[in-house]
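Below is one structure, written out as structure tokens; comments come after it.
The values are calculated or read from the model by the stated rules, or taken from the named source; none is laboratory data. Source: prediction; values computed, not measured. All Cβ positions, glycine included, derive from the backbone under ideal geometry; neighbour counts span all protein chains shown. Just the protein is used for accessible areas: all its heavy atoms, side chains included, with ligands, DNA and RNA removed. Shrake-Rupley method; radii C 1.70, N 1.55, O 1.52, S 1.80 Å.
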Amino acid sequence: TIRLFYNGEHFSSTEAKDDLPGKWIVADKNLEDYSAVGYRALEEVHNALDIPVGGICSVYGGTSILNFNSADSEIYKAKVAPATNFNIKGVMWYQGGTDRAKSAEKIEEMYTQLISLLRNKWNNDSLPFVMVQHHPSGMKQLKYGSDTELQISDYSNVRLGIGNVYAKD
């Protein structure tokens, strides 16, 4: 059995919440809002281990990873803090493309901070952490600086930064 918990509401909180709105469902192939990447990973674990598995999907689209890895962040307090009440065996983080213009070094720093924070919150220094890496994309992004220009984003900085985190962990 694969069970999924989904919370896609865009909300934040000035105080850490201890409950995450949403509901558990038994998964089938007709997923409406749940992450397809997340479901496929759960399916692989379920099939390989032949045990029931569950996944928590608590998203806030269009945000930087910085909004999730700070105890002071209102998004962290609303979307991540409540999930620390769950007994989990691993984390799969799919950040999206918001931080794609940052340097590989900044990506590495942000993910390292996030992993450290979450391992600390779940009191597990070896909590497995999988980061979804982005494939090259023809998506255009607006680059701010002395000149405003459009450029093609290939997510290479994100992939390099994530690779550096894996190399250290």
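A few notes on this one:
- Per-residue SASA remark: residue 3, around 100 Å² accessible (1.4 Å probe; ligands, DNA and RNA not included).
- 18 Å reach of a label modelled at residue 71, 7 Å along Cα-to-Cβ, counting backbone N of segment 104-121: 112-121
- Sum of side-chain charges, residue 54 neighbourhood, beta-carbon under 13 Å (Lys, Arg +1; Asp, Glu -1): +2
- Given 23/102; 17/89; 17/106, the pairs whose alpha carbons are separated by over 27 Å: 23/102; 17/106
- Additional length obtainable on full extension of the chain from residue 45 to residue 64, 0.36 nm per residue less Cα span: 4.0 nm
- Spacing of the two label points (7 Å from each Cα toward its C-beta) at residue 9 and residue 93, in nm: 2.5 nm
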